[in-house]
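The values are calculated or read from the model by the stated rules, or taken from the named source; none is laboratory data. Just so it is clear, the model here is predicted, and its values are computed rather than measured. Ideal geometry is used to build each Cβ from the backbone, glycine not excepted, and the neighbour counts take in all protein chains shown.
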Amino acid sequence: MDSAPILIYLGLFAMSLAVLVFSADKFVGGAEQVGLALGIPHFIMGITVLAVGTSFPELITSLYAVHDGNSEIVIGTVIGSNIANILFILGLTAIFSRNFVITWDLLHGDLPMLFGSLLLLAFVVYPLSDADLTLFHQVTARLGESGSEALGPRAGVNWREALLLLAGYVLYVQYYAVRHFNGEIADSAELSERPPFRWRMVFWVVAGLIGVLIGAKYTVENAVVLATHLGLGKEVIAASLIAAGTSTPELVVAISAARRNNFEMALGNITGSNIFNTFVVLGLPALISPLVGNHMPLRVGDESVLFLQMPFYGATLLLFLVVMLDKQITRTEGWVIFLAYILFVCKLFNVL
């Protein structure tokens, strides 16, 4: 296989991804400034623009993938990004932080929602590939069912399941909204300290949105071409290169917050992004078109790549729970978390 075309497409993919992430950052920054200038409270901005902002590249990429008929990229990107957020980003953040300590009560907030979103994700995506369907039909046939003829083909996520996922995110936002307004008094100084409105803010919103759309278009297209030249499924590229690349905003925010000893922001950005990915990045595209799973073996145990991703994501959340029980992450634990991500990538590409 000639390596020159692969390097060219890899370079084009990296450039498209860079445009996507840079444009998303400008769009979110401009939207935040416009919102504050119009007097929208900081909390509302936090649970809308800022919470959604770091996952904006994943969302636009997924929407374009569905529009372009590559819906299997969506599931791979969502789960791969969720794994990268915890193992890659949290691991690196803990390694570069001397003492990652938080006071935030995860057990009464994001942690139950994380595990709840995992269960809901598992329910809506299975069965998710031809290999999965074959195994599922064999089991039902042994139990006396009529088998595949009665079941027929099934998409990974249909529009009914998409509405269920989106409802989960509405509950998540409502929980924090009620918690905020019941536990805190609105700061009347917010409105008096709002920045002046400038048209430059609107320019960055428009320019950033255009850049995101262009970057998402060519990211998906180059990912598909790259996967074809490498002889891999599109889901492998989605779970690795696209997932890690679109998680760059979370990495920047987490390390920047940790350097300022704002570990709650770093951790909240990671958990909030995972919840948004599962509920919205997966749910919204499924309203446009049903999301299918993988249609071909991907050299991961002779089964679908999601046979690796889903159990690995469950194990990732269990590791996250164990590490966070004492509300701190040491550098040693950070290295363990980061090495777990290296293991995931190696298994994904069948290196180990």
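Some notes on this structure:
- Any chance Leu226 is surrounded by fewer than 22 Cβ atoms within 10 Å (Cβ to Cβ) and either in contact with a Lys or Arg (Cβ under 6 Å, 6 or more places away or on another chain) or not in a helix (DSSP H, G or I) (or both): no
- Filter result for the condition that a residue is surrounded by 15 or more Cβ atoms within 10 Å (Cβ to Cβ), touching a Phe, Trp or Tyr at 6+ places or on another chain (Cβ under 9 Å), hydroxyl-bearing (Ser, Thr, Tyr) and at pLDDT 65 or above, over Ser129, Ser117: Ser117
- Restricting the stretch 51-87 to residues that are within 16 Å of Ala257 (Cα to Cα) and not aliphatic (A, V, I, L, M), the residue that is nearest to the chain's Cα centre (by Cα) is Asn85.
- Here is the figure for the stretch 54-73: residues that are more than 15 Å from Tyr218 (Cα to Cα) and crowded, with 24+ Cβ neighbours inside 10 Å total 4.
- Any hit, the stretch 308-317, residues being closer than 16 Å to Ala94 by Cβ and either of a type in the set (S, T, N, Q) or modelled with pLDDT under 85 (or both): yes
- Total residues in the stretch 229-262 satisfying the condition of being polar (S, T, N, Q), assigned to a helix (DSSP H, G or I) and within 25 Å of Met310 (Cβ to Cβ): the figure is 3.
- Residue ID - nearest to Lys327 (Cα to Cα), chosen from residues in the stretch 245-256 that are in contact with a Ser or Thr (Cβ under 9 Å, 6 or more places away or on another chain) and surrounded by fewer than 20 Cβ atoms within 10 Å (Cβ to Cβ): Ile255
- Count - residues of the stretch 216-255 that are charged (D, E, K, R) and touching a strand residue (DSSP E or B) at 6+ places or on another chain (Cβ under 9 Å): 2
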